[in-house]
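The structure under discussion appears below in the form of structure tokens.
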Amino acid sequence: MKLFTILVSTILVNNYVFARFLGICPFLGVSTKMETATGMGFAVTFVITLASAITYFIQHAILDPLGIGYLQTLIFILVIASLVQFIELFIRKTSPGLYNAMGVYLPLITTNCVVLGVTILNIQEKYTFIEAITSGFGASLGFFLALILLSGVREKLELADVPEALKGVPIALISAGLMSIAFSGFSGLV
Amino acid sequence: MEAILYPVTVLGGFGLLFGILLSIASNVFKVEVDPKIEEVLEALPGANCGACGFPGCAGLATAIAEGKAPVNACPIGGQKVADQVAEIMGVSAGAVDKKVAVVLCQGSCDKAKDKFVYEGVEDCRYETELADGAKACSYGCLGCGTCYDVCQFDAIRMVDGVAVIDKEKCTACMKCIDVCPKGIIELVPYDNEYVVKCKSEDKGKEVRANCSIGCIGCRLCVRNCPSDAFTFENNLAKINYDKCTNCGICEEKCPTKAIWTSADKEEKAAS
């Protein structure tokens, strides 16, 4: 039951984009088209889930016994950066189209604060291994959801009659803000 | 001791481990790139000057290999590089219209007068800000060597307070042209031996008062040119390089020697 609570909490209530405001850069950067948003979503899901598992192991098996928990941030960034690099190699080999479409945003997952945020919060919340992975998976699904929703809105916005001054990024930010307010309606859920 | 040893080993160990894993992965997931890109990149000068309009030599190599840029797109490599690249791409290069930069001023210290003594920062861009520089002629070379500083190919020398560009070393990368605050450096065709080395649009009397080697607008060159290659506007003679036949009559006629020739100097150097 706790796992389900964690999942719902990270996807809807404490959505990392809409409630914690992490990962705004890729959120606005790749949400112009549904296709790239989906690709980015999958990449982030893979990275966060894997990073949650690996960082949990590193924190509890290596850092805590040696009493060097303060290296957490440094080591986690190292893990995330390597993972992203690995995924970049993988996607480049398997799907050149996706590789070109994601362009600069793929290496940018390295500095996507959602990834670091999730892994560090997992440790702070004192989750067990399974809970940590669930929380990571939920967080990435939440990010995925936010990306897909906004990209859908932005594709429709292309055709809408937007006032001259608000065209482009301003109207996207306004839409994102409205979605964030809508998501605050979930706050009593868990 | 442990307080230092543990973090260092752990961090170093992780770095090493991930490094090895990534290098293995990069071999496993190796992507075959067009070998032509690397071959073209080898042939290019590798100066990454950006004069071709692409982001560095690698950008140009990719564009050439994909057929998006002509094989002679590298302006600094000239005919030699174009031929090599053409051979790699399997097409003929065609003739490269080689150009070189020329400083259009000969007002050295003994020939051009100064308005005041400038003792500020040794940079033409700063000097220009101060009453258009110390030279009496507001069009002339200030001689601080800003172009000399940006030239990557050692083609510019400062001689008697005027920049002189070595025709053989110049690669027409346009760095000096961009940086010159006076706008007196221009590209001229390499094969062209005669240049009006003056940019002054002042009236003849003023030019004469300021500088002994400026164009005074007498139009002798315009009248005497057999191939009608001169245009005259704003008190300044200009050579139309397409029409010029390198006959040298203009240089002989020019009373102030504002028309300069590269051929003459080479002969002098040879003898």
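The values are calculated or read from the model by the stated rules, or taken from the named source; none is laboratory data. Just so it is clear, the structure is predicted and the values come from calculations on it, not from any experiment. So basically every Cβ, Gly included, is an ideal-geometry build from the backbone, and we count neighbours across all protein chains shown. Only protein heavy atoms, including side chains, enter the accessible area calculation; ligands, DNA and RNA are left aside. Shrake-Rupley method; radii C 1.70, N 1.55, O 1.52, S 1.80 Å.
Things worth noting here:
- Segment B:209-249, residues that are within 13 Å of B:K199 (Cβ to Cβ) and of a type in the set (D, E): B:E233
Per-residue answers, yes or no, for (1) farther than 20 Å from B:G19 by Cβ; (2) at pLDDT 85 or above; (3) part of a loop (DSSP other than H, G, I, E, B):
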position	(1), (2), (3)
A:I48	yes, yes, no
A:T55	no, yes, no
A:H60	yes, yes, no
A:D64	yes, yes, no
A:L71	no, yes, no
A:F90	no, no, no
A:N100	yes, no, no
A:G117	yes, yes, no
A:N122	yes, yes, no
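Conditions (1) of a type outside the set (A, V, I, L, M); (2) within 14 Å of chain B (Cβ to nearest Cβ); (3) surrounded by fewer than 18 Cβ atoms within 10 Å (Cβ to Cβ); (4) within 17 Å of the chain's Cα centre (by Cα), marked per residue:
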site: A:S9; (1), (2), (3), (4): yes, no, no, yes
site: A:F21; (1), (2), (3), (4): yes, no, yes, yes
site: A:C25; (1), (2), (3), (4): yes, no, yes, yes
site: A:E35; (1), (2), (3), (4): yes, no, yes, yes
site: A:T49; (1), (2), (3), (4): yes, no, no, yes
site: A:I54; (1), (2), (3), (4): no, yes, yes, yes
site: A:I75; (1), (2), (3), (4): no, yes, no, no
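- Of the criteria (1) in a helix (DSSP H, G or I); (2) within 14 Å of another protein chain (Cβ to nearest Cβ), which one B:V31 fails: (1)
- Options A:K126, A:K167: the member that is open to solvent by 40 Å² or more (accessible area, probe 1.4 Å), farther than 25 Å from A:V79 by Cβ and away from chain B (no Cβ under 14 Å): A:K167
- Failed condition for B:C57, given (1) more than 13 Å from every other protein chain (Cβ to nearest Cβ); (2) part of a loop (DSSP other than H, G, I, E, B): (2)
- Filter result for A:I133 (among the hydrophobic types (A, V, I, L, M, F, W, C), crowded, with 19+ Cβ neighbours inside 10 Å and away from chain B (no Cβ under 14 Å)): yes
Conditions tested, residue by residue: (1) within 14 Å of chain A (Cβ to nearest Cβ); (2) out of contact with any Cys (no Cβ under 8 Å at 6 or more places or on another chain).
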residue: B:V10; (1), (2): yes, yes
residue: B:S26; (1), (2): yes, yes
residue: B:V40; (1), (2): no, yes
residue: B:T62; (1), (2): yes, yes
residue: B:V81; (1), (2): no, no
residue: B:G90; (1), (2): no, yes
residue: B:L104; (1), (2): no, no
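- Residues within segment A:164-181 that are touching a residue at least 12 places away in the same chain (Cβ under 8 Å) and either more than 13 Å from A:L28 (Cβ to Cβ) or among the polar types (S, T, N, Q) (or both), tallied: 2
- Residues being closer than 30 Å to B:V164 by Cα, without any contact (Cβ under 8 Å) to a residue 12 or more places away in the chain and assigned by TED's automatic domain parsing to the domain that holds B:E186 are represented in segment B:105-120 by at least one member.
- A single entry from A:K156, A:K93 fulfils the requirement of being open to solvent by 60 Å² or more (accessible area, probe 1.4 Å) and away from chain B (no Cβ under 14 Å): A:K156.
- In the set (1) within 25 Å of A:F21 (Cα to Cα); (2) open to solvent by 30 Å² or more (accessible area, probe 1.4 Å); (3) out of contact with any Leu (no Cβ under 8 Å at 6 or more places or on another chain), A:C113 fails one condition alone, (3).
- The set of residues from segment A:57-73 being facing chain B (nearest Cβ under 9 Å) and surrounded by fewer than 15 Cβ atoms within 10 Å (Cβ to Cβ) comprises A:G67, A:Y70.
- The listed residue being open to solvent by 50 Å² or more (accessible area, probe 1.4 Å), within 23 Å of B:C173 (Cα to Cα) and outside the structural domain of B:C151 (by TED's automatic domain parsing), out of B:L41, B:L11, B:L17: B:L41
- Pairs with Cβ under 6 Å, 6+ apart, first in segment A:1-13 and part of a helix (DSSP H, G or I), second of a type in the set (A, V, I, L, M) and crowded, with 16+ Cβ neighbours inside 10 Å: A:T10/A:A139; A:I11/A:L141
- The number of residues in segment B:207-219 being assigned to a helix (DSSP H, G or I) and either buried (at least 17 other Cβ atoms within 10 Å of the Cβ) or at pLDDT below 85 (or both) comes to 2.
- Residues satisfying the stated conditions in segment B:34-54, i.e. touching a residue at least 24 places away in the same chain (Cβ under 8 Å) and outside any loop (DSSP other than H, G, I, E, B): B:K36, B:I37, B:E39, B:V40, B:A43
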